[in-house]
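Derivation of every value follows stated rules applied to the coordinates shown; laboratory data play no part. Given the structure is predicted, the values throughout are model-derived calculations rather than measurements. Virtual Cβ from ideal backbone geometry, glycine too; neighbours counted across all protein chains shown.
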Amino acid sequence: MIGQVLTISIINILVFGGGGIFIPIYQSVYVDLYKLMTTQDYYTLVSLVNIFPGATGGKLASYLMYINHGLGGAMIGALVFTMIPIIVVILTLKSIDKIKNHPLYLMLNDYLQPIMIGIFIALAISFIKLGFGSLPMIINIIYLTASLYMIYYHKTNIAVLIIIAIIINSLLFFVLN
């Protein structure tokens with residue numbers, strides 16, 4: 001199990017992207033390298049994972065660990081998948097604290113806030129398109145609205161809002177699955 005946890009950690013640190021990136025990487029690890037399942041079983045798992053809402057990479061990490069190590073493995077897989085980005089964001093926040101009064105940082109922050117607001121609005125629109133009325137969608141729209149408010153009126157650091165979003169979506173994943 002330690003080898004799989006380290007593998008998930010390394011993949012999580014080095015890979016940036018969505019399910020289209022994680023699916024072939026996990027396939028090469030679990031099917032080709034570890035030979036823990038057949039290609040057909042893996043494709044079946046990917047189909048099953050994509051039925052549920054949430055990050056494909058995180059769901060794959062959890063389910064692959066569940067298949068090989070039971071419920072404890074699934075919890076460890078989800079924890080590893082979510083904790084690595086949280087640690088990176090915390091380290092980034094600590095770095096930002098050191099430069100937060102620098103003129104270049106202040107200028108970049110002024111330019112990034114409207115971009116982040118645009119991304120949040122695009123996400124809200126995509127959530128509405130995906131399924132009006134589902135609980136995760138409603139929670140995410142409330143969170144996005146609150147985030148826009150916090151960014152605009154309270155100048156909240158965007159990284160803090162991202163950490164909160166990761167925690168909320170992780171909780172939703174475990175509650176709803």
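Taking a straight line from the alpha carbon of LYS155, these lysines sit under 17 Å away, with near neighbours fewer than eight places off in the same chain left out: LYS100.
Overall dimensions of the chain, expressed as equivalent-ellipsoid semi-axes from the Cα gyration tensor (√(5λ), whole Å, largest first), are 32, 20, 13.
Taking the longest Cα principal axis of the chain as reference, the axis of helix 56-99 is set at about 20 degrees. Counting only aspartates and glutamates at least 8 places from LYS59 when in the same chain, those with an alpha carbon closer than 20 Å to its own are ASP32, ASP41. Ordered by the count of other Cβ atoms within 10 Å of each Cβ, fewest first, HIS69, HIS154, HIS102 give HIS154, HIS102, HIS69. Rounded to the nearest 10 degrees, the angle from helix 135-154 to the longest Cα principal axis of the chain is 30 degrees. Each Lys or Arg adds one and each Asp or Glu takes one away; over the other residues whose Cβ falls under 14 Å from the Cβ of ASN109, this sums to 0. Per residue, the Cα convex hull of segment 1-65 amounts to 74 Å³. For the chain, the longest principal axis of the Cα atoms and the long axis of helix 158-176 meet at an angle of about 40 degrees.
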